[in-house]
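Worksheet: one structure, shown below.
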Amino acid sequence: MNAAFLANEGLARWGEYPATFFEGRAYTNREQLEYACRLATVLKAHGVQPDDRVVVMMTTCVEVPASFQAIWRIGAVIIPIMPQLIAPEVAYIVENSGARLVLTSPQLAPVVAEATRDIEGFGEILVFGECDLPGTTNIESEVAAAAPQGDIVEKSYDDLAVLVYTSGTTGHPKGVMLAHGALIDNAQAVAKLFNRSERSRTLMVLPMSHVYGMLLMNISGLLGQYMAMLRRFDPEETLRMIEQYRVERMSLAPTMMVYLANHPTREQYDVSSLKYVTGGSAPLAEELRQEFQRKFDCRVKDGYGQSEATCAVAAYHDDEEIVPGSAGRAISGVELCIQDDDHNILGPNETGEICIRGSIVMQGYWNRPEATAETIVDG
């Protein structure tokens, strides 16, 4: 029950095909998996053991999904960090999690180096590219020469797979513990909502260090999708990519929809291929949903999720009628209710707290038993 099996399952089902397009190059799913297997060998050579925590801090690129696969394959735990964080924020996460190693890019290595220089017991910074900072190692040649790690370390359903640090509205962020079983269940439940009669062409503009980006990465292989990737969101480059790759599906934060809908060059691009857009990461106003749907002549739907529930909690099926103001139904395997402060379930049109139960609920907060007990009540 290792989340790494999702990639193996996708390859077995769809065979080899050009799965990813990034910065002018196509990568097949087999190429990506073999690269991840070589990276797994390199991580083991650098001392990573099962259950070790490994930070992945990069903008969106092909090395991110490879890092996730490699870390899972050797039974270690991923700590994804948003590339926008500054050194003190990174330092807290690395020290609090006990991470012994960081995978990053040359552009972000200075932030990581500053963050980790005073952390006792920290291991090393592995970089995908040239970097002359002390304490960093360029592993590109090591990965190219490594023999692939063929086997996958077996993990139990409840074993820790990812440690996601929340934004921390009060005080330091908390580490959300997500299990292998939760990641697999969430990906499979969301994949059921897609129209299976077609293998979509998608565009990844969300950060893969966010739970939403991780979910999209996991379901892409399950559905045999063709995914183009942008290193970071840029409105005009997004419009160009939709035209160039005939993109049919996208997931966007509402702010991204605003930029695209109002971009001055929007009408210069052929975006007629776009069929489905899903909102997430923030509330989607009905006015914006309708405006984007009208301007791009595509179906726009909302969804609801949270880090503490792996990602997706409620969503629409591709063919389901949109109800204005609704983020859809609870996905398969999830119970939803509204409760008051005394944990009583409320009826329709009553205001309370959204409560979630199911296998996708987190294991708890890392080293925060009191916060866990306050948050997880009756499952």
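The values are calculated or read from the model by the stated rules, or taken from the named source; none is laboratory data. Note that the structure is predicted; figures quoted are calculated from it, not measured. No Cβ is skipped: glycine too gets one built from the backbone with ideal geometry, and neighbour counts run over all protein chains shown.
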Practice prompt. Please indicate, with yes or no, whether at least one residue in the stretch 167-183 is of a type in the set (S, T, N, Q) and surrounded by 14 or more Cβ atoms within 10 Å (Cβ to Cβ).
Written response: no
Practice prompt. Filter the stretch 79-96 for residues that are surrounded by fewer than 24 Cβ atoms within 10 Å (Cβ to Cβ), outside any helix (DSSP H, G or I) and hydrophobic (A, V, I, L, M, F, W, C) and give the result.
Written response: Met82, Leu85, Ile86
Worksheet entry | Counted residues, the stretch 68-78 - those being out of contact with any strand residue (DSSP E or B) (no Cβ under 7 Å at 6 or more places or on another chain) and either under 11 Å from Val55 (Cα atoms) or outside any helix (DSSP H, G or I) (or both) | 2
Discussion item. Looking at (1) touching a strand residue (DSSP E or B) at 6+ places or on another chain (Cβ under 7 Å); (2) outside any loop (DSSP other than H, G, I, E, B), which one does Pro65 not meet, given that it meets all the others?
Written reply: (1)
Item to complete: Tell me, please, whether a residue that is over 18 Å from Ala87 (Cα atoms), touching a residue at least 24 places away in the same chain (Cβ under 8 Å) and over 22 Å from the mean Cα position of the chain (by Cα) can be found in the stretch 112-124.
Response: no
Practice prompt. Just one of (1) surrounded by fewer than 20 Cβ atoms within 10 Å (Cβ to Cβ); (2) closer than 23 Å to Glu34 by Cβ; (3) in contact (Cβ under 8 Å) with a residue 60 or more places away in the chain; (4) not basic (Lys, Arg) trips up Asn138, so point out which.
Written response: (3)
Discussion item. Contact list please: Cβ distance under 8 Å, first residue in the stretch 22-50 and under 19 Å from Lys155 (Cα atoms) and modelled with pLDDT of 95 or more, second residue loosely packed, with under 15 Cβ neighbours inside 10 Å and among the hydrophobic types (A, V, I, L, M, F, W, C), pairs at least six apart or on different chains.
Written reply: Thr41/Ala147
Worksheet item: Checking Thr60 against (1) assigned to a loop (DSSP other than H, G, I, E, B); (2) free of Cβ contacts under 8 Å to residues at least 40 places away in the same chain; (3) under 19 Å from Pro207 (Cβ atoms), which single condition isn't satisfied?
Response: (2)
Item to complete: Kindly indicate whether Thr28 is over 26 Å from Tyr212 (Cβ atoms) and either among the polar types (S, T, N, Q) or surrounded by 24 or more Cβ atoms within 10 Å (Cβ to Cβ) (or both).
Response: no
